[in-house]
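Engineer: For reference, the structure I am asking about is given below.
The values are calculated or read from the model by the stated rules, or taken from the named source; none is laboratory data. Predicted, not measured: the structure shown is a model, and the values here were computed from it. Cβ: placed from backbone, ideal geometry, glycine included. Neighbour counts: every protein chain shown. What goes into the accessible areas is simple: the full protein's heavy atoms, side chains included, and nothing from ligands, DNA or RNA. Shrake-Rupley method; radii C 1.70, N 1.55, O 1.52, S 1.80 Å.
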Amino acid sequence: MTLPTCPHCTQTDQVQKVTSIYSSNTKEWKETSTGIDSWGNTVTTEHLKQAHTSLGLKLKPPQEPSGPTHPGLWYGIGGLVVFMLLSILCPIALVPLSFILPLLTGSAFIPDIAGMPAWAITLLAIGLPTLCIGAFGLALVFWLGSKIKKRFGSDMKKYREKKAVFDRDELPRWQRAKARWEQLYFCMRDETLFIPAENKPIKADDMEKYLYDPQFRS
(Lines give C-alpha, C1' and ligand atoms only; values in the text may rest on other atoms or scores of the structure.)
Protein backbone atom coordinates (compact mmCIF):
# COMPACT_ATOMS: atom_id res chain seq x y z
CA MET A 1 0.00 0.00 0.00
CA THR A 2 1.41 3.36 -1.08
CA LEU A 3 1.26 6.04 1.58
CA PRO A 4 0.05 9.51 0.60
CA THR A 5 2.57 12.30 0.20
CA CYS A 6 2.81 14.91 2.92
CA PRO A 7 1.78 18.27 1.39
CA HIS A 8 4.36 20.08 3.54
CA CYS A 9 7.57 18.13 3.02
CA THR A 10 6.42 16.17 -0.10
CA GLN A 11 7.76 12.91 1.42
CA THR A 12 6.04 9.65 2.35
CA ASP A 13 8.56 7.85 4.59
CA GLN A 14 7.28 9.41 7.86
CA VAL A 15 3.57 9.41 7.02
CA GLN A 16 1.21 7.29 9.10
CA LYS A 17 -2.54 6.96 9.50
CA VAL A 18 -3.79 8.94 12.51
CA THR A 19 -5.97 6.07 13.70
CA SER A 20 -2.88 3.82 13.91
CA ILE A 21 -0.78 6.45 15.68
CA TYR A 22 -3.53 7.11 18.20
CA SER A 23 -3.93 3.39 18.94
CA SER A 24 -0.21 2.90 19.49
CA ASN A 25 -0.03 5.96 21.77
CA THR A 26 -3.06 5.04 23.86
CA LYS A 27 -3.44 2.39 26.54
CA GLU A 28 -6.83 1.22 27.71
CA TRP A 29 -7.70 -0.99 30.67
CA LYS A 30 -10.62 -1.76 32.96
CA GLU A 31 -10.71 -1.22 36.71
CA THR A 32 -13.26 -2.91 38.93
CA SER A 33 -14.69 -1.33 42.07
CA THR A 34 -17.03 -2.93 44.61
CA GLY A 35 -19.45 -1.08 46.86
CA ILE A 36 -22.72 -1.35 48.76
CA ASP A 37 -25.88 0.26 47.36
CA SER A 38 -28.70 1.84 49.40
CA TRP A 39 -30.44 -1.54 49.72
CA GLY A 40 -27.40 -3.25 51.20
CA ASN A 41 -26.54 -5.20 48.05
CA THR A 42 -22.98 -5.63 46.83
CA VAL A 43 -22.49 -3.90 43.49
CA THR A 44 -19.49 -4.36 41.20
CA THR A 45 -18.78 -1.67 38.63
CA GLU A 46 -16.27 -1.67 35.78
CA HIS A 47 -14.59 1.59 34.74
CA LEU A 48 -12.76 2.03 31.44
CA LYS A 49 -9.46 3.88 31.96
CA GLN A 50 -7.21 5.47 29.37
CA ALA A 51 -3.66 6.77 29.33
CA HIS A 52 -2.19 8.75 26.44
CA THR A 53 1.20 9.97 25.39
CA SER A 54 1.46 13.66 24.50
CA LEU A 55 1.09 12.75 20.82
CA GLY A 56 -1.89 10.53 21.60
CA LEU A 57 -3.60 13.46 23.34
CA LYS A 58 -3.00 15.72 20.36
CA LEU A 59 -4.48 13.21 17.94
CA LYS A 60 -7.39 12.16 20.15
CA PRO A 61 -10.62 11.68 18.16
CA PRO A 62 -13.50 14.14 18.58
CA GLN A 63 -15.40 13.42 21.76
CA GLU A 64 -18.92 12.19 21.24
CA PRO A 65 -21.42 14.73 22.62
CA SER A 66 -23.77 13.58 25.34
CA GLY A 67 -27.46 14.00 24.67
CA PRO A 68 -29.87 15.69 27.09
CA THR A 69 -30.88 13.65 30.12
CA HIS A 70 -34.48 12.49 30.23
CA PRO A 71 -36.21 14.31 33.11
CA GLY A 72 -37.83 11.05 34.20
CA LEU A 73 -34.44 9.99 35.56
CA TRP A 74 -34.24 12.91 37.99
CA TYR A 75 -37.89 12.59 39.00
CA GLY A 76 -37.34 8.88 39.62
CA ILE A 77 -34.32 9.59 41.81
CA GLY A 78 -36.28 12.27 43.68
CA GLY A 79 -39.18 9.89 44.23
CA LEU A 80 -36.83 7.22 45.56
CA VAL A 81 -35.27 9.70 48.01
CA VAL A 82 -38.71 10.82 49.23
CA PHE A 83 -39.81 7.20 49.66
CA MET A 84 -36.71 6.40 51.71
CA LEU A 85 -37.19 9.48 53.89
CA LEU A 86 -40.84 8.61 54.53
CA SER A 87 -39.93 5.02 55.37
CA ILE A 88 -37.58 6.41 58.02
CA LEU A 89 -39.67 9.29 59.35
CA CYS A 90 -43.08 7.60 59.53
CA PRO A 91 -42.06 5.01 62.18
CA ILE A 92 -40.42 7.81 64.16
CA ALA A 93 -43.63 9.85 64.02
CA LEU A 94 -45.58 6.92 65.48
CA VAL A 95 -43.32 6.67 68.54
CA PRO A 96 -45.24 9.32 70.58
CA LEU A 97 -48.40 7.20 70.24
CA SER A 98 -46.77 4.49 72.33
CA PHE A 99 -46.74 6.99 75.23
CA ILE A 100 -50.12 8.61 74.55
CA LEU A 101 -52.16 5.42 74.16
CA PRO A 102 -51.49 4.05 77.66
CA LEU A 103 -52.56 7.41 79.10
CA LEU A 104 -55.75 7.53 77.08
CA THR A 105 -56.69 3.93 77.78
CA GLY A 106 -56.35 4.40 81.54
CA SER A 107 -59.75 5.21 83.02
CA ALA A 108 -58.18 7.47 85.61
CA PHE A 109 -57.14 9.92 82.87
CA ILE A 110 -60.36 9.83 80.87
CA PRO A 111 -63.37 11.87 82.04
CA ASP A 112 -66.78 10.28 82.02
CA ILE A 113 -68.58 11.73 79.01
CA ALA A 114 -72.27 10.83 78.89
CA GLY A 115 -71.52 7.32 80.00
CA MET A 116 -69.31 6.60 76.94
CA PRO A 117 -66.88 3.74 77.44
CA ALA A 118 -63.16 4.45 77.64
CA TRP A 119 -62.40 2.77 74.31
CA ALA A 120 -64.89 5.02 72.49
CA ILE A 121 -63.39 8.15 73.99
CA THR A 122 -59.91 6.88 73.08
CA LEU A 123 -61.08 6.24 69.52
CA LEU A 124 -62.46 9.78 69.25
CA ALA A 125 -59.37 11.34 70.81
CA ILE A 126 -57.07 9.59 68.39
CA GLY A 127 -59.31 9.03 65.37
CA LEU A 128 -60.56 12.56 64.82
CA PRO A 129 -57.12 14.25 64.84
CA THR A 130 -55.75 11.42 62.71
CA LEU A 131 -58.63 11.84 60.24
CA CYS A 132 -58.02 15.58 60.02
CA ILE A 133 -54.30 15.13 59.55
CA GLY A 134 -54.94 12.42 56.95
CA ALA A 135 -57.36 14.64 55.02
CA PHE A 136 -54.89 17.53 55.11
CA GLY A 137 -52.08 15.21 54.01
CA LEU A 138 -54.18 13.84 51.17
CA ALA A 139 -55.03 17.33 49.97
CA LEU A 140 -51.37 18.27 50.18
CA VAL A 141 -50.40 15.20 48.15
CA PHE A 142 -52.92 16.08 45.41
CA TRP A 143 -51.70 19.69 45.34
CA LEU A 144 -48.06 18.65 45.12
CA GLY A 145 -48.95 16.04 42.51
CA SER A 146 -50.58 18.66 40.28
CA LYS A 147 -47.55 20.94 40.67
CA ILE A 148 -45.12 18.11 39.90
CA LYS A 149 -47.18 17.03 36.89
CA LYS A 150 -47.15 20.58 35.52
CA ARG A 151 -43.40 20.91 36.11
CA PHE A 152 -42.75 17.50 34.56
CA GLY A 153 -44.72 18.51 31.45
CA SER A 154 -42.62 21.67 31.15
CA ASP A 155 -39.38 19.72 31.62
CA MET A 156 -40.45 17.15 29.02
CA LYS A 157 -41.14 19.93 26.53
CA LYS A 158 -37.65 21.38 27.07
CA TYR A 159 -36.16 17.88 26.82
CA ARG A 160 -37.86 17.23 23.46
CA GLU A 161 -36.60 20.56 22.12
CA LYS A 162 -33.03 19.85 23.23
CA LYS A 163 -33.23 16.28 21.92
CA ALA A 164 -34.41 17.55 18.54
CA VAL A 165 -31.47 19.99 18.36
CA PHE A 166 -29.08 17.23 19.45
CA ASP A 167 -30.34 14.77 16.83
CA ARG A 168 -30.51 17.37 14.07
CA ASP A 169 -27.30 19.35 14.68
CA GLU A 170 -24.91 18.21 17.39
CA LEU A 171 -24.80 14.47 16.73
CA PRO A 172 -24.47 14.72 12.90
CA ARG A 173 -21.79 17.41 13.35
CA TRP A 174 -19.76 15.05 15.53
CA GLN A 175 -20.32 12.14 13.14
CA ARG A 176 -18.96 14.22 10.25
CA ALA A 177 -15.94 15.27 12.33
CA LYS A 178 -15.30 11.65 13.39
CA ALA A 179 -15.47 10.50 9.75
CA ARG A 180 -12.93 13.18 8.78
CA TRP A 181 -10.67 12.18 11.69
CA GLU A 182 -10.59 8.62 10.35
CA GLN A 183 -9.28 9.98 7.01
CA LEU A 184 -6.41 11.91 8.57
CA TYR A 185 -2.72 11.16 8.05
CA PHE A 186 0.16 12.48 10.12
CA CYS A 187 3.69 13.24 9.01
CA MET A 188 6.11 12.52 11.86
CA ARG A 189 8.84 14.63 10.26
CA ASP A 190 7.10 18.01 10.49
CA GLU A 191 4.09 17.07 12.64
CA THR A 192 1.64 17.88 9.88
CA LEU A 193 -1.88 16.59 9.57
CA PHE A 194 -3.66 16.26 6.27
CA ILE A 195 -6.42 14.47 4.39
CA PRO A 196 -5.03 13.19 1.08
CA ALA A 197 -8.08 14.25 -0.93
CA GLU A 198 -7.75 17.85 0.31
CA ASN A 199 -3.92 17.97 0.34
CA LYS A 200 -3.78 20.81 2.87
CA PRO A 201 -1.16 20.74 5.67
CA ILE A 202 -2.55 21.42 9.14
CA LYS A 203 -0.76 21.76 12.47
CA ALA A 204 -1.66 19.14 15.06
CA ASP A 205 -2.87 21.87 17.44
CA ASP A 206 -5.42 22.97 14.83
CA MET A 207 -6.90 19.51 14.29
CA GLU A 208 -10.22 20.24 16.01
CA LYS A 209 -10.81 23.38 13.94
CA TYR A 210 -9.91 21.45 10.81
CA LEU A 211 -12.43 18.74 11.61
CA TYR A 212 -15.33 20.96 12.66
CA ASP A 213 -14.99 24.34 10.97
CA PRO A 214 -15.64 24.36 7.19
CA GLN A 215 -14.27 27.91 6.90
CA PHE A 216 -10.95 26.89 8.45
CA ARG A 217 -10.30 24.20 5.83
CA SER A 218 -11.44 26.27 2.85
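Engineer: If you go through segment 203-218, how many residues are over 19 Å from CYS6 (Cβ atoms) and either part of a helix (DSSP H, G or I) or in contact with a Ser or Thr (Cβ under 8 Å, 6 or more places away or on another chain) (or both)? Don't jump to the end; show me each part of the working.
Structural biologist: Taking segment 203-218 as the starting set, the residues that turn out to be over 19 Å from CYS6 (Cβ atoms) are 208-209, 212-216, 218.
Okay, now just the ones that are also either part of a helix (DSSP H, G or I) or in contact with a Ser or Thr (Cβ under 8 Å, 6 or more places away or on another chain) (or both), so 208-209, 212.
Adding up the residues that qualify gives 3.
Engineer: Could you run through segment 8-26 and say how many residues are open to solvent by 70 Å² or more (accessible area, probe 1.4 Å), outside any loop (DSSP other than H, G, I, E, B) and in contact (Cβ under 8 Å) with a residue 60 or more places away in the chain?
Structural biologist: Adding up the residues that qualify gives 1.
Engineer: Taking the condition of being among the acidic types (Asp, Glu) and either open to solvent by less than 40 Å² (accessible area, probe 1.4 Å) or more than 28 Å from LEU171 (Cα to Cα) (or both), how many residues in segment 27-51 meet it?
Structural biologist: Summing the residues that are among the acidic types (Asp, Glu) and either open to solvent by less than 40 Å² (accessible area, probe 1.4 Å) or more than 28 Å from LEU171 (Cα to Cα) (or both) in segment 27-51 gives 2.
Engineer: Considering ARG160, ARG189, ARG217, ARG168, which residue is farther than 24 Å from GLU64 by Cβ and open to solvent by 60 Å² or more (accessible area, probe 1.4 Å)? Walk me through it before giving the result.
Structural biologist: Details: ARG160 fails: farther than 24 Å from GLU64 by Cβ; ARG217 fails: farther than 24 Å from GLU64 by Cβ; ARG168 fails: farther than 24 Å from GLU64 by Cβ.
Answer to the selection: ARG189.
Engineer: Then there is this: Would you be able to say whether some residue in segment 141-160 is under 30 Å from LEU73 (Cα atoms) and at pLDDT below 80?
Structural biologist: The answer is yes; a qualifying residue exists.
Engineer: Quick check on my filter: what residues within segment 49-62 are without any contact (Cβ under 8 Å) to a residue 40 or more places away in the chain and part of a loop (DSSP other than H, G, I, E, B)?
Structural biologist: Result: THR53, LYS60.
Engineer: Of the conditions (1) exposed (fewer than 10 other Cβ atoms within 10 Å of the Cβ); (2) under 21 Å from the mean Cα position of the chain (by Cα); (3) at pLDDT 85 or above, SER54 fails just one. Which one is it?
Structural biologist: Looking at each condition in turn, SER54 falls short on (2).
Engineer: Exactly one of these conditions fails for LYS209: (1) open to solvent by 90 Å² or more (accessible area, probe 1.4 Å); (2) modelled with pLDDT of 95 or more; (3) of a type outside the set (Asp, Glu). Give me its number.
Structural biologist: (2)
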